[in-house]
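Heads up: the structure comes next, in structure tokens.
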Amino acid sequence: MKRREFLENLAVSSPSDHSFHSLTATSPRNSTPRAVSGIEPYAGVWNFQTASHLLRRTMYGARRSEVLLAASGSLSSVVSTLLADQPEPSPPLGPDGISWVHAVYDQAYGQNEGIYRNYLKAWWMGLMVNQGLSLREKMVLFWHNHFANEATDIQDARSMYRQNALFRRMAFGNFKQLVKEVTLDPAMLVYLNGYLNRGDGRNIPDENYARELLELFTVGKGPQIGEGNYTHYTEADVKAAARVLTGYRVTGSPRDRTLLNQPLGSTFDPARHDPSNKQFSSAFQNRVITGRTGADGAKELDDLLDMIFAQPETARHLCRKLYRWFVYYEIDQAVEQSVIIPLSQVLISNNYEVKPVLETLLKSAHFFDPINMGCYIKTPVDLVAGTIRQLFSELPDLSSWRNYPLADTLRNTAATLQMNLLDPPDVAGWKAFYQTPDFYKSWINTATLPVRGSYTDSLVNGIRPRNSSTTYRVDVLAYVQRFTAPGDPFKLVDDIIADLLPFDLTSNQKEYLLYHVMGLTHTAEYEWTQRWNEYVANPSNSQALTITLQALLKFVLRMAEYQLA
Amino acid sequence: MNRRDFIRKAVPVTALPFLLNGFPLRAYGRAPFLETLVAAASATDRVLVLIQLGGGNDGINTVIPLNQDSAYMNVRPNIAIPLNSVLTLSDHLDVGLHPAMGGMKSLYDEGKLTIVQGVSYPNPNLSHFRATDIWLTASDSNVTLNTGWLGRYLEDEFPDYPNDPVMPDPLAIQIGAVVSFGLQGTARTMGIAIQSPDTFYQLVNAGRGGGTDTAPDTPAGRELTYIREVAVQSQAYAGQVKVAADKAQNRSALWPAAGQNTLADQLKIVSRLIAGGLKTRVYVVNLGGFDNHSAQVDVSDTRTGIHATLLGRLSTAMMAFQDDLRLLGVEHRVLGMTFSEFGRRVSSNASRGTDHGTAAPMFLFGQPVQPGVVGSNPSLTDLTNGNLKMQYDFRSVYASVLSQWFGVSNTDLQAILLKGFQQISVIRPGVAVNVEEPDIKPTDFRLLQNYPNPFNPSTTIAYEIPRESNVSLKVYDMMGREIATLVDEFRPAGRYKAQFHANGLPSGTYIYRIQANSFSDQKKMVILK
């Protein structure tokens, strides 16, 4: 068959669900087009491509089986599945399968804490790799990035696990409730010195947590419009909030030896609380939180949160972060008006339940606007967990003891790529989600991009983790056999592109894949079919074909397009 | 120690063009000592550049059998090259080159080109994929191998790769996107693929100046452009390859402008990497497009057309490459070789093209080659299924290159090529290693120059005795102190080799002396640490 016939056949047989929008096919506009659509429900086609887009943004990689399943249902049903509650996973173990998450902090635990931390990180990586069709793990990471705590500072793997479990339990839960629980979370109390924040005697309140609560976790910092005035809060508000938050202590933690023999957690100590009234600024409508004494002092936290959550900025701030997590980093006036504000109203009218917001966003016309497809630079975790999920026909069970070295290698790779799970750079989380003007671009530089490539190479070539006798390797023959016609080189390349890349390649790029990477000869493309049929007839004789497919896969995985989702 | 052990362990050549034990090379002038040193050390960096002509090159219109002019015109009426325009080889008047191959004709005249006629293998396969695999794996046509011939060679030579302490550089470099199957070892590929920033750009944009492939100014387009830019930067600054490339700049004026000749663009990079001191053994480059089933020649003029353009590119690139290597002072280190998965059918088809065939000529080029034409013009009438008969198995050429250029021993050759193949002379005497000498008894007493020299830590001293003798072979320092006794016994007539290990001795000149019956002789050798 001649190449042209091939192409014509392809054009005829190509299912509509593979008809990608092409990058070059977007309508000409004068300057950096942005989507004009809003949160109204998406009413366009629901197919392989749109399902891929949804799963790429909400999960780690989109396995073909999952995309096909999603495309066979409706957008609404898929989003329901993504947001469905999931059973809690078994907690992480340590070396030799020992359980440590409920351990008492003693010398033995203290000596091994650093080891457990790595086991915890590997465990979480494993949950990402072995995730089902669910948004949960990506939301756990969202909350970790939002309430960013560093395990290295906290030095207690138990409390990091406890916080991670909180994020998982409340992945699509109530934002206001989550802020309250995070405020009382022992890891957070340690990380931002909440446990040292005292209002008794000559102690000066420690403002650390109060500042981040306002600046990062809730209302967010607005433009500075006066000395110590950040529009949404002032320096005086930080001080007042800090006084509200006095009196909390961590239990079961070496940070507070007197309470060490209690279970890991936190407690309110009225004796350390500042019972005086707290005056807030005009940013909070000059509200006064009346001081309370005794055990009632703890109720001031509810007063504080009521006040903070009465500010529309709180909902907007979270919606902007969700937008940057799921859609794109650039929020211009149009996006602010047509997406952020309407979404924040959904959040407020649902009493800060996050699930309706996610549901609205993920079903919106804006989310599926072609202009918003393929513009998300994969996080290191997207790349590490996503690629393995995308390529392996049988995923290694990373909760299994035997596969710990692989999970640890994946964790380490993500860390090398500048995303060290449970150890973000600082309390603001990873720069990709807030640092102007680079945002997502901050993941990619001359040091990290080659590492991304060598990681994807290693999955195809075979990766043998340290301390493991197992080599994990993509079975490229099994991989291409997921597709309908691996013997048709044009169809095969199209299917691989649809599987791995967020948008179609140009004809020149496809030519390169076919004639350079796969080594086809013009007018002799039928030889690929022959070659494939020979392999099917005699599967033991597969080495040359395997090497070609490995080269093809490695090449596509090293394309700039693969870094996008 | 055999030669290739020496090659591996000798002084890193990278230091030589610039410094010798801390002194600029120039300070030594043209002292014979220095020339020996440079010559020997340069041998540590012998390089093979493999040019793959993808698609199946039409050998008959490349090397034209002028002894069969009427048969030639007969079988190829619509694509035959007018004989008066064919470039005739002065010492082989019956062998002509395509008129587009002026550069290669010059190389031939300079003694830098060898043509091996009629290369193929028994039961040739006419599928591009399979035939390419056969050439790259050096398998029999009915056997599938999982490793490439150069991969096996490199693995044999560097079993510890990639953790070989004496080889910090890539063993093999593929200029392009994908490492050749020819470099596949048992566990891993023995090569890496690199692309120059320019070709990389062409690749990611794949537009070749068309402009239509540039990413648009959309969110996705902007992120894509950014990642591509970083990719270009990362490639450009990739470690020692970049360092080597930066050490040397192309010098030849014969290079075509960038983007005009893809083969030349690839060889330009190879030239810089070699001259820049990379110790890489093998480079693989590609020129595709030879699968000319139709319109191989222009209707109006059979001297032009697709095939002429491709041969012109090959010839121009080869010529410029050779000129560049000469100007960069590394010509003596580099052997080039072309191959294609098959030749083409003897008779042309009706669409001014040729279909898949079998035997075709191979070219070896460079200063080290034994120049000339190996074999005779293929017969255009004595055919098998319309195809040329084989004169040489391609594995004979491989064996000759591995043995004579890289010094691979016969035992290792068996292991690499999986059976024995007869060798043909492809490397000049004096440059070639392992050239078999006729096994006749020596007629005189002789003490030969040690090899390698200079050396570290060991060298081989050969001597010949025409009759049974009491042989003594000893090593002395320049003060006349005896350092070692290598031989001291009765030996029957024959050719012998003795090994000398310089363990613990300082750098310097030493003397080795033979006495066999009444014959005596001595020579100098240099230990260089």
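More than 27 Å from residue B:371 (Cα to Cα) and surrounded by 17 or more Cβ atoms within 10 Å (Cβ to Cβ): is that true of residue B:455 in this structure? Talk me through it step by step, then tell me what you get.
Numbers: more than 27 Å from residue B:371 (Cα to Cα): yes; surrounded by 17 or more Cβ atoms within 10 Å (Cβ to Cβ): yes.
Taking the combined requirement at face value, the residue satisfies it.
Okay, residues lined up against (1) surrounded by 20 or more Cβ atoms within 10 Å (Cβ to Cβ); (2) within 15 Å of residue A:212 (Cα to Cα):
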residue: A:151; (1), (2): yes, no
residue: A:157; (1), (2): yes, no
residue: A:169; (1), (2): no, no
residue: A:197; (1), (2): yes, yes
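Taking helices (runs of 4 or more DSSP H) as the structural unit, those lying wholly within region B:196-281 and holding at least 2 residues that are buried (at least 17 other Cβ atoms within 10 Å of the Cβ), within 8 Å of chain A (Cβ to nearest Cβ) and at pLDDT 90 or above correspond to B:219-236. Take the residues in region A:251-283 that are basic (Lys, Arg) and within 18 Å of residue A:193 (Cβ to Cβ); name whichever of them is farthest from the chain's Cα centre (by Cα). Among residues in region A:251-283 that are basic (Lys, Arg) and within 18 Å of residue A:193 (Cβ to Cβ), the one farthest from the chain's Cα centre (by Cα) is A:272. Condition check for residue A:475 on (1) more than 10 Å from every other protein chain (Cβ to nearest Cβ); (2) touching a helix residue (DSSP H, G or I) at 6+ places or on another chain (Cβ under 8 Å); (3) among the acidic types (Asp, Glu): one failure, at (2). Looking only at region B:388-397, which residues are surrounded by fewer than 22 Cβ atoms within 10 Å (Cβ to Cβ) and not charged (D, E, K, R)? Correct list: B:390, B:391, B:394, B:396. Does residue B:169 satisfy the condition of being among the charged types (D, E, K, R), part of a helix (DSSP H, G or I), within 25 Å of residue A:554 (Cβ to Cβ) and modelled with pLDDT under 85? The answer is no for residue B:169. Contact map, region A:427-445: residues that are within 17 Å of residue A:330 (Cα to Cα) paired with residues that are among the basic types (Lys, Arg) and in a helix (DSSP H, G or I), Cβ distance under 6 Å, separation 6+ or inter-chain. Pairs shown: A:433/A:324; A:442/A:431. Meeting the requirement of 3 or more residues that are under 18 Å from the mean Cα position of the chain (by Cα), the strands (runs of 3 or more DSSP E) wholly within region B:86-130 are B:113-120.
Select, from A:489, A:502, the only residue that is farther than 25 Å from residue B:136 by Cα and either surrounded by 20 or more Cβ atoms within 10 Å (Cβ to Cβ) or at the interface with chain B (Cβ under 9 Å from one of its Cβ atoms) (or both). Working first, answer last.
Numbers: A:489 fails: farther than 25 Å from residue B:136 by Cα.
Only one candidate passes the filter, namely A:502.
Whether any residue in region B:468-478 is farther than 14 Å from residue B:445 by Cα, touching a Lys or Arg at 6+ places or on another chain (Cβ under 6 Å) and among the basic types (Lys, Arg) is what I want to check. Scanning region B:468-478 turns up at least one residue that is farther than 14 Å from residue B:445 by Cα, touching a Lys or Arg at 6+ places or on another chain (Cβ under 6 Å) and among the basic types (Lys, Arg). Within region A:519-564, the set of residues being in contact with a Ser or Thr (Cβ under 7 Å, 6 or more places away or on another chain), surrounded by fewer than 21 Cβ atoms within 10 Å (Cβ to Cβ) and more than 9 Å from chain B (Cβ to nearest Cβ) comprises A:535 only. The residue list A:512, A:455 contains one member that is part of a helix (DSSP H, G or I) and within 8 Å of another protein chain (Cβ to nearest Cβ), which is A:512. Among the residues making up region A:381-405, those that are assigned to a helix (DSSP H, G or I) and within 20 Å of residue A:99 (Cα to Cα) are A:401, A:402, A:403, A:404, A:405.
If you check residue A:376 against the conditions, is it under 23 Å from residue A:130 (Cα atoms), among the aromatic types (Phe, Trp, Tyr) and either within 14 Å of chain B (Cβ to nearest Cβ) or surrounded by 22 or more Cβ atoms within 10 Å (Cβ to Cβ) (or both)? In short, yes.
Residues checked against (1) among the small types (Gly, Ala, Ser); (2) at positive phi:
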{"residue": "A:205", "(1), (2)": "no, no"}
{"residue": "A:223", "(1), (2)": "no, no"}
{"residue": "A:236", "(1), (2)": "yes, no"}
{"residue": "A:252", "(1), (2)": "yes, yes"}
{"residue": "A:260", "(1), (2)": "no, no"}
{"residue": "A:275", "(1), (2)": "no, no"}
{"residue": "A:282", "(1), (2)": "yes, no"}
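Looking at residue B:354, is it modelled with pLDDT under 95, closer than 20 Å to residue B:380 by Cβ and of a type in the set (Val, Ile, Thr)? The answer is yes for residue B:354.
Every residue, every condition in (1) among the small types (Gly, Ala, Ser); (2) closer than 26 Å to residue B:136 by Cα, yes or no:
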position: B:304; (1), (2): no, no
position: B:319; (1), (2): no, yes
position: B:338; (1), (2): no, yes
position: B:350; (1), (2): yes, no
position: B:376; (1), (2): yes, yes
position: B:386; (1), (2): yes, yes
position: B:391; (1), (2): no, yes
position: B:403; (1), (2): yes, yes
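Restricting attention to region B:487-529 and to residues that are in contact with an Asp or Glu (Cβ under 9 Å, 6 or more places away or on another chain) and β-branched (Val, Ile, Thr), the residue that is surrounded by the fewest Cβ atoms within 10 Å (Cβ to Cβ) turns out to be B:509.
Filtering B:449, B:391, B:370 for residues that are polar (S, T, N, Q) and closer than 27 Å to residue B:283 by Cβ leaves a single hit, B:370.
When region B:379-397 is filtered for residues that are within 13 Å of residue B:357 (Cα to Cα), of a type outside the set (D, E, K, R) and part of a loop (DSSP other than H, G, I, E, B), the ones remaining, listed by number, are B:380, B:383, B:385, B:386, B:388, B:390. Within region B:208-224, residues that are not assigned by TED's automatic domain parsing to the domain that holds residue B:260 and aromatic (Phe, Trp, Tyr) have Cβ atoms under 9 Å from residues that are part of a loop (DSSP other than H, G, I, E, B) and modelled with pLDDT under 75 in no pair, counting only partners at least 6 apart in sequence or on another chain.
The values are calculated or read from the model by the stated rules, or taken from the named source; none is laboratory data. Everything numeric here is computed off the predicted structure, so don't read it as measured data. Quick reminder, even Gly has a Cβ in these numbers, built from the backbone with ideal geometry, and neighbours come from all protein chains shown.
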